[in-house]
Amino acid sequence: MAYFVTGGTGFIGRNLIDQLLQRRGNVYVLVRRGSKKKFKALVAERWSDASKRVVAVGGDLTKPRLGVSKADMEKLQGKVKHVFHLAAVYDLDASAESQEKVNIDGTQNTMDFAAAVGAKCFHHTSSIAVAGMFQGAFREDMFEEATGLDHPYFRTKHDSEGLVRRKCEIPWRIYRPGIVVGHSKTGEIDKIDGPYFFFKLIQKLRRMLPPWVPTLGLEGGRINLVPVDFVARAMDHIAHKPRLDNGCFHLTDPNPKRIGEVMNLFAEAAHAPMMSMRVDARLFNLIPQPVKQGIGMLPPVRRIIDQVLSDLGIPKDVLSFFNYPTSFDTREADRALKGSGIKVPPLEDYAWVLWDYWERHLDPDLFIDRSLSGHVRDKVVLVTGGSSGIGKATAMMMAEAGAKVIIVARKETELAETKKEIEADGGTAFTYTCDLADYDDTDKLCAQVLADHGAVDVLVNNAGRSIRRSIALSYDRFHDFERCMQLNYFGSLKMILGLLPPMAERRSGHIINISSIGVLTNAPRFSAYVASKAALDAFSRCAAAEFNDTGVAFTTINMPLVRTPMIAPTKIYESVPTITPEDAADMVKQAVIYRPQRIATRLGVFASVLHALAPKISEIVMNSAFRMFPDSAAARGERPSSSEGRATQEQVAFASLMRGIHW
């Protein structure tokens with residue numbers, strides 16, 4: 001006895017072949033040209049002990065009689081008893097044309113092949129989708145009663161099953177699996193479907209909130225999930241049981257859970273917050289359809305929904321199944337499986353297995369190119385203030401990753417030295433001298449860079465000036481505020497305005513602004529510096545909104561205290577925790593790879609939230625620090641004393657608690 005399987009390299013198919021190989025006889029597998037390597041790998045990895053019994057048959061599902069050669073047809077004639085047809089398009093986002101070609105035409109071609117080789121039974125893998133959006137219980141003997149078949153997937157699965165019922169020339173058996181998830185013992189699956197679409201949302205909630213925090217979710221209809229091992233074992237058993245021809249069998253969970261329950265089981269498996277409060281999605285049916293359609297057609301609403309679903313990897317069509325109205329009677333399948341020990345395991349017993357496999361093997365984040373070289377190799381990266389400190393560390397890192405680095409600074413000798421170090425390590429660097437506080441000089445720089453390189457892919461606005469002086473000592477020093485604003489804000493702004501047009505025209509570019517944690521903490525004694533950086537932050541937020549749909553990204557990095565020449569005049573900083581320029585460059589690296597709107601330390605974010613929720617408490621903390629850390633001698637216009645750099649135990653303890661904040 002021999003078997004012929006279409007879709008044998010697919011998920012259900014290879015699990016079914018596992019079962020068939022436990023019986024006698026060869027298993028012939030339809031393999032199209034593009035799947036030959038995949039088939040050979042499966043044989044080597046999965047069926048090596050029975051490799052001589054798993055035989056590839058070249059063909060194409062969309063061709064008459066599967067495009068099997070005359071020689072193969074003659075070889076299979078009279079040998080194949082069972083033809084299992086599993087090949088189909090299971091993608092909700094696939095075009096109607098492709099689904100019709102594979103699901104409908106492919107079924108007809110497989111039936112013609114089965115009749116031509118003299119097969120004794122045709123086993124058709126259908127789907128619960130044939131019921132459409134039927135209201136109530138759908139029995140195994142029901143077919144024409146299906147309703148709501150507007151979606152191409154529902155319609156083509158229904159029509160392909162109809163072909164088997166009406167036109168199959170040999171005895172047939174139809175199997176309607178529920179939503180097939182991973183193996184209940186190993187978790188193995190190769191396609192994201194059903195509940196897996198919401199795993200990324202669960203993962204994000206886990207990262208944002210501790211597991212004991214209750215969250216709000218949606219409750220909907222019952223979702224029928226079955227593990228692939230159950231489906232394969234059930235199909236194998238029913239296929240070999242006598243007197244079941246021309247029957248239909250629901251391979252579904254007789255006790256399916258509601259969507260909210262399913263989500264909570266996976267949230268528990270992920271150690272994520274559970275949805276303790278669930279709103280029934282049917283309540284949205286009370287909103288008049290014209291109102292819902294009108295709101296959904298608003299451009300901002302549509303774009304926000306599309307962006308959120310895209311970030312989470314959820315197809316829009318999936319949302320329509322929240323109120324899925326159909327349940328499935330399983331009396332025929334139960335009768336056929338009686339005494340076999342084959343049954344659907346409770347989801348709570350294997351939900352953790354599915355989650356573990358997804359997070360280890362299928363999480364989309366696993367496939368993100370996290371290498372800096374993958375994002376900047378052969379691209380033009382311009383770093384201002386690139387001859388020392390954060391700028392130099394960033395330029396060295398970018399050059400090592402294969403970028404064409406442009407470094408800009410005022411001092412030509414320091415630029416030359418940095419260029420020499422980059423080239424000694426095998427990198428490429430171009431140097432330009434410019435005083436970014438001189439607007440004309442900056443305009444000339446931008447024009448020259450564009451003339452020499454065509455465009456800049458990544459602009460890192462790093463050059464800046466910091467002044468640590470209390471306001472009480474600044475009454476007659478208005479120029480301090482002007483100088484900070486001139487370089488930190490207007491100088492950076494000049495660079496952005498000069499290099500942004502080619503980015504927008506090419507619909508590609510990234511502007512990274514090195515800001516300060518002081519903007520989030522409202523650091524005392526840094527009013528001139530923080531105000532200039534806050535202006536740049538505000539501009540970036542506005543620009544990000546304007547250029548959101550152009551491919552140009554804006555990232556603000558609220559950098560903590562970095563040990564650079566800029567903080568050297570404040571001797572007390574020698575005794576407080578700081579990060580190195582290389583640590584700061586790593587933050588720039590994260591900006592390039594992930595392109596977020598903001599990168600900040602947790603302490604910086606906490607300080608910002610505290611100020612928003614309890615501004616008086618934030619003010620008291622900052623004032624305490626202001627009194628604890630005095631102005632430097634330089635800020636007072638005095639010569640530094642020998643004891644100025646010595647920090648008290650109280651100062652060190654406070655600075656350690658508030659790591660990275662400017663005092």
*Considering only DSSP beta bridges whose two residues both sit in region 128-264, what percent are antiparallel, to the nearest 5?*
20 percent
*Report, ordered by chain and residue number, the lysines lying within cross-link reach of Lys379, taken as a straight Cα distance under 26 Å and ignoring same-chain residues fewer than 8 apart.*
Lys392, Lys404, Lys411, Lys419, Lys420, Lys444, Lys494, Lys589
_Just to compare against my own numbers: the Cα pair-distance distribution for region 4-50, 5 Å bins, whole % per bin, please._
5, 22, 36, 28, 8, 1
*Considering the convex hull of the alpha carbon atoms of region 385-480, report its projected area averaged over all viewing directions, in nm², one decimal.*
7.3 nm²
*Which residues' amide hydrogens lie under 5 Å from the amide hydrogen of Phe430, considering only partners 5 or more residues apart or on another chain, with H built in the peptide plane?*
Val405, Ile406, Ile407
_As an exercise, identify the GluC sites (Glu not before Pro) in region 99-151 lying in DSSP coil whose Cβ has no more than 13 other Cβ atoms within 10 Å._
Glu144, Glu145
*Residues in region 250-275 near a label at Asp329, defined as backbone nitrogen under 19 Å from the 7 Å Cα→Cβ point?*
250-256
_What are the equivalent ellipsoid semi-axes of region 319-414, built from the alpha-carbon gyration tensor (square roots of five times its eigenvalues), in whole angstrom, biggest first?_
61, 15, 11
*Kirkwood hydrodynamic radius of region 1-82 from all distinct Cα pairs, in Å?*
12.8 Å
*Would you please state the base-10 log of I(q)/I(0) at q = 0.08, 0.11, 0.19 1/Å for region 1-177, with intensities from the Debye formula using one equal scatterer on every alpha carbon?*
-0.24, -0.46, -1.26
*Estimated inter-spin distance, Arg166 and Asn623, nm [label 7 Å along Cα→Cβ]*: 8.3 nm
*Consider all pairwise Cα distances in region 401-558 and report the whole-number % of them above 29 Å.*
23 percent
*Tell me, what ³J(HN,Hα) does each residue in region 94-111 have, in order and in whole Hz, if you take phi through Karplus 6.51 cos²θ - 1.76 cosθ + 1.60 with θ = phi - 60° and put x for Gly and Pro?*
5, 5, 4, 4, 5, 5, 5, 5, 8, 5, 8, 4, x, 5, 4, 5, 5, 4
*Rounded to whole Hz, the Karplus (6.51, -1.76, 1.60) HN-Hα couplings of region 383-390, x for glycine and proline*: 10, 7, x, x, 9, 7, x, 4
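Taken together, the values in this text are just the output of simple stated rules run on the coordinates, not laboratory data. Just so we're clear, the structure is a prediction, and the values are computed from it rather than from any experiment. In this analysis, Cβ positions are derived from the backbone assuming ideal geometry, glycine residues included, and neighbour counts consider all displayed protein chains.
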